[in-house]
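One structure is given here, and the rest of the page talks about it.
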Amino acid sequence: MVFNTGAALLDAIVLSVVSEEPDGTYGYRITQEVRKALEVSESTLYPVLRRLQKDQCLSVYDQEYGGRNRRYYKITERGMAQLHMYRAEWKSYSAKISAILECRL
C-alpha cells in the first residue's frame, strides 16, 4: 500500500478485529486478520497490542493450547468506547477523503 498507516488507524483496526471475538483472540490470528487490510508484520503488531493493554483497551489472559500457553487479547469497556470513537472519526474522515479523490464535493 502506498499510504502510510498511522498509529491511530492501526489501533482502530486491531480493536475492531479483537472486538469480533467475545472471548478474545490470540496474536497470530489478529495478525492474519489485520493483514487482510494492511501489510503488517508481527513485530509491528505486538507493540500495538502491548500499548492497547497498557491503555486498558485490551485485557490479556493465557490459555493452554496444544501443550503450550497461548496469550489471548480481549477488548475492554474502555476499548469498546475507543473503538466507537474511532469508527465515528473514520466515517467522517473517509467520506471527506473519498469526496476529494472522487471529485464529488
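The values are calculated or read from the model by the stated rules, or taken from the named source; none is laboratory data. In this text the structure is predicted, and so the values were computed from the model without any measurement. For neighbour counting, all protein chains shown are included, and Cβ atoms are generated from backbone atoms with ideal geometry for every residue, glycine included. Protein only, heavy atoms only, side chains kept; ligands, DNA and RNA dropped before computing areas. Shrake-Rupley method; radii C 1.70, N 1.55, O 1.52, S 1.80 Å.
Figures for the structure shown
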quantity	calculated
First in the stretch 87-105 and of a type in the set (Lys, Arg) and open to solvent by 100 Å² or more (accessible area, probe 1.4 Å), second anywhere and modelled with pLDDT under 90 and not in a helix (DSSP H, G or I), Cβ under 7 Å, 6 or more apart	none
So residue 71, is it in contact with a strand residue (DSSP E or B) (Cβ under 7 Å, 6 or more places away or on another chain), open to solvent by 70 Å² or more (accessible area, probe 1.4 Å) and free of Cβ contacts under 8 Å to residues at least 60 places away in the same chain	yes
Qualifying residue in the stretch 18-28 (condition: among the hydroxyl-bearing types (Ser, Thr, Tyr), under 12 Å from the mean Cα position of the chain (by Cα), part of a helix (DSSP H, G or I) and modelled with pLDDT of 95 or more)	yes
Where residue 50 falls short, out of the listed (1) closer than 15 Å to residue 10 by Cβ; (2) in a strand (DSSP E or B)	(2)
In the stretch 74-86, the residues that are touching a Cys at 6+ places or on another chain (Cβ under 9 Å) and in contact (Cβ under 8 Å) with a residue 60 or more places away in the chain	75, 79, 80, 82, 83
Members of the stretch 56-68 that are open to solvent by less than 40 Å² (accessible area, probe 1.4 Å) and part of a strand (DSSP E or B)	58
Hits in the stretch 8-55 (condition: touching a Ser or Thr at 6+ places or on another chain (Cβ under 6 Å) and surrounded by fewer than 18 Cβ atoms within 10 Å (Cβ to Cβ))	38, 42
